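Taken together, the values in this text are just the output of simple stated rules run on the coordinates, not laboratory data. As the structure is a computational prediction, the values presented were derived from the model and not from experiment. Here the Cβ positions follow ideal geometry from the backbone for every residue, glycine too, while neighbour counts run over all protein chains shown.
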Amino acid sequence: MQIRKPVKILDIPVHPLTMAETVNALDECITSSRKVFVVTANAEIIMMCQKDTEYNKIICCDADIVLPDGAGAVWAGRHLGYDIPERVAGFDLFNNLLNLSAKKGYKSYFFGGAQDVAEMAGKKASVLYPGVIIAGYRNGFFGEVESDTIIKDINNSGADILFVALGAPKQEKWLASHLTELNPKILMGIGGSFDVFAGKMERAPKWMQDASLEWAFRLYKQPGRWVRMLALPKFVFKVLRRGK
Ligand code: UDP
């Protein structure tokens, strides 16, 4: 797998790839049986890494591909003078990988979300991407003692791709601590993507995504997130102040 070298945004390595390059690289990982841990890093995740040393280490050392997710990460990369071709949002990559899987016969495992949400998301995936194989499901509410059983179920399913929807940083921390035990080739955290597929949460309309206003839509739909979302202006301020 040959991918462009990462650039650094607030000391976090971010790979400046397009969606097409990412999907090709991940397809190659499956065909060549190489395990790859993918993180879609938005401004909030990059800010979490400034304070959480365990999370920082996971993103900097354990992740194989870190993608610029969200208008903030793309803006920061470009502001720092890097050539960031486009945003590679987790939800969009999830869709693109399901599309690839439907064509190539790759199997996915859906892990995360509230009871039944992963199954509902799987049904939607089968409608959107006919032929897609969802090899297993598991909700995201569990105690760490259950991790062994969950890992066995994932491995026994024969999944090529594991989508983990536990929210950040929990999903990356869980993946990092079980990296060697997990057999799927693509391991990726996708936040609330199952909720969107299951119809429990709406994604911003395309015009808002294009106008870099997805954060405003999220704030409008989930006002309780305002404290978490304070990370966005703090991120902008830090990038402007710190520079490269
Ligand atoms: N979730 C879960 N287990 C947990 C905590 C959260 O499965 O212990 C799920 C939750 O139901 C939701 C998703 O993780 O579907 C988090 O979505 P969010 O949009 O908050 O993700 P983030 O923005 O943090 O990536």
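Quick notes on this structure:
- Test: residue in segment 225-240 that is in contact with a His (Cβ under 8 Å, 6 or more places away or on another chain), more than 14 Å from the ligand (Cβ to nearest atom) and in contact (Cβ under 8 Å) with a residue 40 or more places away in the chain: yes
- Filter result for A176 (of a type in the set (A, V, I, L, M), within 16 Å of the ligand (Cβ to nearest atom) and closer than 22 Å to I65 by Cβ): yes
- As a summary of the residue check, A211 satisfies the conditions (1) away from the ligand (no atom under 16 Å from the Cβ); (2) of a type in the set (A, V, I, L, M); (3) surrounded by 13 or more Cβ atoms within 10 Å (Cβ to Cβ) except for the one numbered (3).
Residue-by-condition table, conditions (1) surrounded by 15 or more Cβ atoms within 10 Å (Cβ to Cβ); (2) over 21 Å from L98 (Cβ atoms):
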| position | (1), (2) |
| --- | --- |
| N139 | yes, no |
| G143 | no, yes |
| G158 | no, no |
| W174 | yes, yes |
| R203 | yes, no |
| A216 | no, yes |
| L232 | yes, yes |
| F237 | no, yes |
| K244 | no, yes |
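- Residue in segment 105-123 that is touching a residue at least 24 places away in the same chain (Cβ under 8 Å), hydrophobic (A, V, I, L, M, F, W, C), under 17 Å from W174 (Cβ atoms) and in contact with a Cys (Cβ under 8 Å, 6 or more places away or on another chain) present: no
- Filter result (away from the ligand (no atom under 11 Å from the Cβ) and out of contact with any helix residue (DSSP H, G or I) (no Cβ under 8 Å at 6 or more places or on another chain)) within segment 90-115: N99, S101, A102, K103, G105
- Unique match (being farther than 20 Å from L93 by Cβ and more than 14 Å from the ligand (Cβ to nearest atom)) among K185, K123: K123
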